[in-house]
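**Q** Sending over a structure as structure tokens; questions will come in a sec.
The values are calculated or read from the model by the stated rules, or taken from the named source; none is laboratory data. Keep in mind that this is a model prediction, so the values were computed, not measured. Please note: Cβ atoms are built from the backbone with ideal geometry, for glycine as well, and neighbour counts cover all protein chains shown. Ligands, DNA and RNA are excluded from the accessible area calculation, which covers all protein heavy atoms including side chains. Shrake-Rupley method; radii C 1.70, N 1.55, O 1.52, S 1.80 Å.
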Amino acid sequence: MIYMKRLLCMALLLLAMTPAMRAEDFSAKEVVLEHIKDSHEWHVTDLGEGKSLVIPLPVIVNSSTGWHVFSSSQFEHHADANGLRQGPYGLAIATEGENADKIVENGEPVLDLSITKTVAVMFINVAILLCCILGSARWYKKRQASDPAPGGFVGFVEMLVMYVVDDIIKPGVGKGYEKYVPYLLTCFFFIFTCNVMGLIPFPPGSGNVTGNIAVTFFLALCTFIIVQFSGNKHYWKDIFWPEVPTWLKAPIPIIPVIEFVGIFTKPFALMIRLFANMMAGHAIAVAITCIIFLVASQAVAVQLSMSALSVIMSVFMMCLECLVCFIQAMVFTMLSAVFIGLARVEPAHE
């Protein structure tokens, strides 16, 4: 399913880049990239006649003249001849080149700690997640252990928690899994919430949080750190002096080098798996919708048939993405639990 999604995404993007399509005013490539990339402002919709509904976001930068905090609305909406959207304090947003979409000063990038669209959406997702979890926890504070099981939303949250703990964390980590439950549950619910909110095409959703490699890198880094600090002496022994023929580990440490590299490939796989699947899913869903606009200049029969096909495929992709939202959160949590469990495993004879 992963490879089919990527191939379909590539095919649609290539279609959007053909010369016939470049001649049209509508660019599917720009629409897809606009949706999946980060930005210093939150574009909601176009209002026509060159006007757009945009939510400005805070800009926090450190340039040669010191720290500056201002609204992204102070940048020009259109780029000048040099491809720069001019702003205050001699700053600008580059729209082309190697610094595209970055804030620059005299053509060079500056230290940027701005609240971008991805960061703003992530804050909203965290606030929603806290309200859901703390609201469910408050329900339990008012109940006794002998009371009937909760229903509705609280029951749904309890079902997810019990499923993740009993079927993912406990089998993956093994003995002593309890101290890893808070982190792994946080990973699952954070990823699941971000994935679901990313399906909403308007604020407070529409953010491609888990499709941003910086976010998945941080999540994978957290798992990497926990795995290394959880590793016992047998874990490190199997890396630097594994039970293989001596000639494979001395004088040339072939297997130890492979095992050592494996320490970093595991979190790297976590990062890329989540990032690639969520980004591809968003790109495909938007690209399929663009079919309607790409055939707008064709005959009526072509418009109706392709538009109907686009709607059907879009509905199918959205339903598939709802499933993928849960699967990707589950897979990241499961692999993190397995990696932690492998670092704590004891030899069979002990």
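**Q** How do the pairs read when you match residues in the range 175-199 that are within 19 Å of I284 (Cβ to Cβ) with residues anywhere that are part of a helix (DSSP H, G or I) and among the aromatic types (F, W, Y), using Cβ under 8 Å and keeping only pairs 6 or more apart or on different chains?
**A** Listed by first residue and then by second, the contacts come to N195/F326.
**Q** Can you find a residue that is within 30 Å of W42 (Cα to Cα) and modelled with pLDDT of 90 or more anywhere in the range 221-233?
**A** yes
**Q** I'd like the residue in the range 99-118 that is touching a residue at least 40 places away in the same chain (Cβ under 8 Å) and β-branched (V, I, T) and, out of all such residues, is surrounded by the most Cβ atoms within 10 Å (Cβ to Cβ).
**A** The extreme case among them is I103.
**Q** When the residues of the range 314-330 are narrowed to those that are open to solvent by 60 Å² or more (accessible area, probe 1.4 Å), of a type outside the set (F, W, Y) and without any contact (Cβ under 8 Å) to a residue 60 or more places away in the chain, which ends up nearest to R273 (Cα to Cα)? Reasoning before the result, please.
**A** Residues of the range 314-330 open to solvent by 60 Å² or more (accessible area, probe 1.4 Å): 315-316, 318-319, 322-323.
So of that shortlist, the ones also of a type outside the set (F, W, Y) come out as 315, 318-319, 322-323.
If we keep only those that are without any contact (Cβ under 8 Å) to a residue 60 or more places away in the chain as well, we get 315, 319, 323.
On the way: V315: 24, C319: 20, L323: 16 Å.
Among residues in the range 314-330 that are open to solvent by 60 Å² or more (accessible area, probe 1.4 Å), of a type outside the set (F, W, Y) and without any contact (Cβ under 8 Å) to a residue 60 or more places away in the chain, the one nearest to R273 (Cα to Cα) is L323.
**Q** Restricting to the range 64-87, give me the number of residues that are hydroxyl-bearing (S, T, Y) and within 29 Å of the chain's Cα centre (by Cα).
**A** Matching residues across the range 64-87 total 3.
**Q** Taking the range 178-199 on its own, how many of its residues are aliphatic (A, V, I, L, M) and within 15 Å of I226 (Cβ to Cβ)?
**A** 3
**Q** Quick check, is I191 surrounded by fewer than 16 Cβ atoms within 10 Å (Cβ to Cβ) and closer than 29 Å to F268 by Cβ?
**A** It is false that I191 is surrounded by fewer than 16 Cβ atoms within 10 Å (Cβ to Cβ) and closer than 29 Å to F268 by Cβ.
**Q** Give the residue that is most open to solvent (accessible area, probe 1.4 Å), with candidates limited to residues of the range 249-282 that are basic (K, R) and under 18 Å from F224 (Cβ atoms).
**A** R273
**Q** Residues of the range 173-209 being of a type in the set (A, V, I, L, M) and closer than 19 Å to F123 by Cβ, which ones?
**A** Step one: filter the range 173-209 for residues of a type in the set (A, V, I, L, M), giving 173, 181, 184-185, 191, 196-197, 199-200, 209.
Residues satisfying the conditions are I191, V196, M197, L199, I200, V209.
**Q** Starting from the range 53-75, take each residue that is part of a strand (DSSP E or B) and list its partners that are surrounded by fewer than 13 Cβ atoms within 10 Å (Cβ to Cβ) and hydroxyl-bearing (S, T, Y), counting only C-beta distances under 9 angstrom and pairs at least six apart or across chains.
**A** Cβ pairs passing all conditions: L53/T45.
**Q** List every residue pair whose Cβ atoms lie under 7 Å apart, where the two residues are 6 or more positions apart in sequence or sit on different chains, the first residue falls within the range 85-98 and is more than 16 Å from L111 (Cβ to Cβ), and the second residue, located anywhere, is basic (K, R).
**A** Correct list of pairs: T95/R85.
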